[in-house]
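The values are calculated or read from the model by the stated rules, or taken from the named source; none is laboratory data. Only a predicted model underlies this, so the values are computations on that prediction, with no experimental measurement involved. Cβ sites come from the backbone with ideal geometry, for glycine too, and all protein chains shown count toward neighbours. These area figures cover heavy atoms from the full protein model, side chains too; ligands, DNA and RNA do not enter into them. Shrake-Rupley method; radii C 1.70, N 1.55, O 1.52, S 1.80 Å.
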Amino acid sequence: MSKAAQDIILRPIITEESMLGTADKKYTFEIAKDANKIEVKKAVEELFDVKVAKVNTLNVNGKLRRYGRYEGYTASWKKAVVTLTPDSKTIDFFDGLL
């Protein structure tokens, strides 16, 4: 059973470093922990109507956080850096943020 594109791409990552990548057509997303590169490629192409050249994925471990005498870890998550082909159009959502 295949997952919907919205279940794979959870949200865009908007940080200073990730926004610098938009000049090279590299976009960063938080993705489902069980998603693979092929699913991410199909989901981005379906959602944003672009051509994907490659996908890099990495797991982000939770960080230790303290609240008074209590401490715990934030949730671990997975992110993907999606590179578009040179002839592909850009993702409009990110263009509005620059």
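List of remarks:
- Each label point was placed 7 Å from the Cα along the Cα-to-Cβ direction; for residue 46 and residue 33 their separation is 2.3 nm.
- Surface calculation, 1.4 Å probe, protein heavy atoms: residue 38 sits at approximately 110 Å² accessible.
- Share of carbon and sulfur in the accessible heavy-atom surface of region 1-80 [1.4 Å probe, %]: 50
- Relative contact order (percent, whole number), the chain, Cα cutoff 8 Å, 6+ residue spacing: 30
- Phi-based couplings in Hz for region 60-65 (Karplus 6.51, -1.76, 1.60; Gly and Pro marked x): 10, 6, x, 9, 6, 10
- Cross-link reach is defined here as a Cα-Cα straight distance under 15 Å, omitting same-chain residues fewer than 8 places apart; for residue 41 the aspartates and glutamates meeting it are 7, 30, 49.
- Solvent-accessible surface of region 42-98, taken per residue with a 1.4 Å probe and all protein chains present: 73 Å².
- Entries in 3/79; 3/63; 25/79; 63/89 that, when Cα-Cα distance is taken, lie over 25 Å: 3/63; 63/89
- Separation in nanometres of the label points that stand 7 Å from Cα toward Cβ, at residue 74 and residue 93: 2.0
- Debye, to nearest 20: dipole size of the chain, +1 on Lys, Arg Cβ, -1 on Asp, Glu Cβ: 500
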